[in-house]
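A short worksheet on the structure shown next.
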Amino acid sequence: MRLNMKIKSILMASLMAAVGLSACGSNNKEKPATEEPQPTKTIVCYFSATGTTADAAKRIAEQTGATLYEITPEVAYTDEDLDWTNDQSRSSLEMKDPEARTAIGGELPDLTQYETVFIGYPNWWNTHPTIINTFIESTNLDGKTIVPFMTSGGSSIDNSMKQLRETYPSLNIHDGILMNHVSDSELETFLTSLD
Ligand SMILES: Cc1cc2nc3c(=O)[nH]c(=O)nc-3n(C[C@H](O)[C@H](O)[C@H](O)COP(=O)(O)O)c2cc1C
């Protein structure tokens, strides 16, 4: 009988200790900050006249979990506007004028929370379209890492990189990527190199 009581009290004590421990765990109100969902620090901003750069932008946003922002012209480009064989077309005239700053329509993004800003565009006349200059000059990119990306009919991103760095020497412009025919694993390697 005595032994029985002793066993019972040991069991009781163990039970209370277990309940106490689990209660202690659930009462822990000070959760580590890492459990809070963190806002993304990367945004992918892009201009695309015919959809190819838009697809590239979506791939980058998917792989990085970034916010996506489309840079849209105030006046959309028509097929005639995009005719590079006509030296009087809108795009030809804009690209010939170093002062041209194509107006952006809609609201500009608030870049405060972002550390990395991808900027994507098609190659026009072996460089970036003038709306990209408008975007860079209308937003505050100081202290952020800018990562250009481009799609093209075959031309490289090199001249655009050179011109961006010459025009905006105070900005931190990372080497960009030409997205033509880039596989998922190549893209992943590039994105990992940014960390
Ligand atoms: C006005 C204009 C000029 C272009 N100039 C070039 C060029 O110099 N080199 C090139 O490889 N592709 C050039 N292209 C082709 C585009 O870069 C290519 O089709 C791009 O992927 C289109 O992207 P988007 O669909 O996002 O607008 C030009 C296209 C347009 C409309």
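Can you name the residue in region 38-48 that is away from the ligand (no atom under 16 Å from the Cβ) and among the β-branched types (Val, Ile, Thr) and, of all such residues, is farthest from the chain's Cα centre (by Cα)?
Residues of region 38-48 that are away from the ligand (no atom under 16 Å from the Cβ), as a first pass: 38-43.
This time we only want the ones that are among the β-branched types (Val, Ile, Thr), so: 40, 42-43.
On the way: Thr40: 9, Thr42: 4, Ile43: 3 Å.
Per the stated criteria, the residue is Thr40.
Helices (runs of 4 or more DSSP H) wholly in region 84-195 with at least 2 residues that are away from the ligand (no atom under 12 Å from the Cβ) and surrounded by 12 or more Cβ atoms within 10 Å (Cβ to Cβ) - which ones?
Numbers: elements: 90-96, 130-138, 158-167, 184-193.
So the answer is 130-138, 158-167, 184-193.
On the given criteria, is Glu94 closer than 20 Å to Asn126 by Cα, in contact (Cβ under 8 Å) with a residue 24 or more places away in the chain, of a type in the set (D, E, K, R) and out of contact with any strand residue (DSSP E or B) (no Cβ under 8 Å at 6 or more places or on another chain)? Can you show your working first?
Values: closer than 20 Å to Asn126 by Cα: yes; in contact (Cβ under 8 Å) with a residue 24 or more places away in the chain: yes; of a type in the set (D, E, K, R): yes; out of contact with any strand residue (DSSP E or B) (no Cβ under 8 Å at 6 or more places or on another chain): yes.
It is true that Glu94 is closer than 20 Å to Asn126 by Cα, in contact (Cβ under 8 Å) with a residue 24 or more places away in the chain, of a type in the set (D, E, K, R) and out of contact with any strand residue (DSSP E or B) (no Cβ under 8 Å at 6 or more places or on another chain).
For region 58-83, name all the residues that are in a loop (DSSP other than H, G, I, E, B), over 16 Å from Val117 (Cβ atoms) and within 14 Å of the ligand (Cβ to nearest atom). Steps first, answer last, please.
Taking region 58-83 as the starting set, the residues that turn out to be in a loop (DSSP other than H, G, I, E, B) are 65-66, 71, 74-83.
With over 16 Å from Val117 (Cβ atoms) added as a condition, the list becomes 74-83.
Answer for region 58-83, where residues must be in a loop (DSSP other than H, G, I, E, B), over 16 Å from Val117 (Cβ atoms) and within 14 Å of the ligand (Cβ to nearest atom): Ala76, Tyr77, Thr78, Asp79, Glu80, Asp81, Leu82, Asp83.
Residues are listed down the side, and each one gets a yes or a no for (1) more than 23 Å from the chain's Cα centre (by Cα); (2) among the β-branched types (Val, Ile, Thr); (3) at pLDDT 90 or above; (4) away from the ligand (no atom under 13 Å from the Cβ):
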{"site": "Cys24", "(1), (2), (3), (4)": "yes, no, no, yes"}
{"site": "Asn27", "(1), (2), (3), (4)": "yes, no, no, yes"}
{"site": "Glu36", "(1), (2), (3), (4)": "no, no, no, yes"}
{"site": "Thr50", "(1), (2), (3), (4)": "no, yes, yes, no"}
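Residues of region 105-133 being touching a residue at least 60 places away in the same chain (Cβ under 8 Å) and more than 16 Å from Val44 (Cα to Cα), which ones?
Filtering region 105-133 down to residues touching a residue at least 60 places away in the same chain (Cβ under 8 Å) leaves 109, 111, 113-122, 129, 131-132.
Matches in region 105-133: Pro129 only.
Residue by residue through region 38-48, note down the ones that are modelled with pLDDT under 95 and surrounded by 10 or more Cβ atoms within 10 Å (Cβ to Cβ).
Here is the first cut: in region 38-48, the residues modelled with pLDDT under 95 are 38-40.
Answer for region 38-48, where residues must be modelled with pLDDT under 95 and surrounded by 10 or more Cβ atoms within 10 Å (Cβ to Cβ): just Thr40.
Go through (1) out of contact with any strand residue (DSSP E or B) (no Cβ under 7 Å at 6 or more places or on another chain); (2) more than 22 Å from Ala76 (Cβ to Cβ); (3) touching a residue at least 12 places away in the same chain (Cβ under 8 Å) and name the single condition Ser156 misses.
For Ser156, the failing item is (1).
Assuming Asp55 fulfils every condition listed in (1) away from the ligand (no atom under 11 Å from the Cβ); (2) part of a helix (DSSP H, G or I); (3) not small (Gly, Ala, Ser) apart from one, which condition is it?
Condition not satisfied by Asp55: (1).
The values are calculated or read from the model by the stated rules, or taken from the named source; none is laboratory data. Not measured: the values here are computed from a predicted model. So basically every Cβ, Gly included, is an ideal-geometry build from the backbone, and we count neighbours across all protein chains shown.
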